[in-house]
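The values are calculated or read from the model by the stated rules, or taken from the named source; none is laboratory data. Owing to the predicted nature of the structure, the values given are computational and were not obtained by experimental measurement. Quick reminder, even Gly has a Cβ in these numbers, built from the backbone with ideal geometry, and neighbours come from all protein chains shown. Heavy atoms of the whole protein, side chains included, go into the accessibility calculation; ligands, DNA and RNA do not. Shrake-Rupley method; radii C 1.70, N 1.55, O 1.52, S 1.80 Å.
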Amino acid sequence: MLKPMNRIQPSTAPSVKFVSRQEMILIGITMLWGATFLIIHNTMRFTGPLFFVGLRFITAGVMSVILFRKSLGGLNRHELKAGCCIGVSVFLGYSLQTLGLKTISGTQSAFITALYVPMVPFLQWAVLRRRPHAMSWVGVACAFIGLLLLTGADAVSGVGFSAGEGATFLSAVAIAAEIILISRFALSVDSRRVTMVQLLVAGILALIAMPIAGESVPPFSWVWLVAAIGLGAMSAIIQFAMNWAQKTVSATRATVIYAAEPVWAGLVGRIAGERLPFSALIGAGMILVGVLASEIRLPRSRKTAKPVQETI
């Protein structure tokens, strides 16, 4: 019999988790989101927000049906419910944000919409009873501070309670709800079928809301037609990717990744001739710090224990 040995205790050093394939997908769709700001801004000169949102998501829904038609036969009541719930939040988020941009500046819209970043952990805690990890809170805080710097001080002083600003604030709530709902249903549904339902629901609701909001069909323009078809295809890809990726990526971590959207929007704007001020560059850096911070996992505190004795 050999002498007793001390069992080696697990390391308590902080660990950094590399970015997964699912997180890379979310980063990619966030880059696509950033590119849409300039497109939508120019398109709003030729059409109303509800008509554009409706045409965009109907197009996306039809494309997803064509793409995933073989899986449509398995649609069940639970997936239909999930798709409708997510579709309502998509409709409210995109329609209200676009409506707000008719009367407020893009800077104000970006700041108010950014409020969905700190909303998600609180909604996740309240709805799903999932308390965010400590470093997730740090990551969200860094990302939100970065968004404030990115949008500039004028955004902070310019926020008020006008109709456009109120609509944009409600859009932030809807976007946060969308992320939570996707996480809530992700593991119990087929991503393809839910994507088809939510896109069609969002588009149909937008068109139904047109007469209620007093919006009419705009004169034909190749600008809104091409933009709607292009963004419709993009929306189909984005919504499916979100449903698939958030099966393994938490809502809090996904939110921190989505918070980089203004960074990509700023890069697209720079290509188009815009220039970011120094404070905005610092803000972009803070967002990246937030993404990295959310990947760190601090060790859990362990009580000091005597080494375990074992014999061989």
For this session: With θ set to phi - 60°, apply the Karplus curve 6.51 cos²θ - 1.76 cosθ + 1.60 along the stretch 186-197 and write out the HN-Hα couplings as whole Hz, x wherever there is a Gly or Pro.
Result: 3, 7, 10, 9, 8, 4, 5, 5, 5, 4, 4, 5
Exercise. Heavy-atom accessible area of Ile208 with all protein chains present, probe 1.4 Å, nearest 10 Å²?
Worked result: 100
For this session: May I ask you to compute the full-extension gain from Leu32 to Leu187, defined as 0.36 nm times their residue separation minus their alpha-carbon distance, rounded to one decimal in nm?
Result: 53.3 nm
Seminar exercise, completed: Residue span Phe122 to Ile145: 0.36 nm per residue of separation minus Cα-Cα distance leaves a gain in nm of 6.6 nm
For this session: Give me the distance in nm between label points sitting 7 Å out from Cα along the Cα-to-Cβ direction at Ala163 and Arg77, one decimal.
Result: 4.1
Exercise. With every protein chain in place, what's the accessible area of Trp244 (1.4 Å probe, Å², nearest 10)?
Worked result: 80
Problem set entry | Inter-site label distance for Leu225 and Thr103 at 7 Å from Cα along Cβ, in nm | 3.2
Exercise. Within the stretch 42-64, what residues put their amide N at less than 20 Å from the label point 7 Å along the Cα-to-Cβ vector of Lys247?
Worked result: 64
Problem set entry | Solvent exposure ordering (accessible area, 1.4 Å, most first) of Met63, Met242, Met44 | Met63, Met44, Met242
For this session: Scan around Arg130 for amide H atoms under 5 Å from its own, H built in the peptide plane at 1.01 Å from N, and keep only partners 5 or more places away or cross-chain.
Result: Trp125
Problem set entry | Accessible-area ranking of Cys85, Cys142, largest first, probe 1.4 Å | Cys85, Cys142
Seminar exercise, completed: Under a 1.4 Å probe, counting only protein heavy atoms, Thr47 has an accessible area in Å², nearest 10, of 10
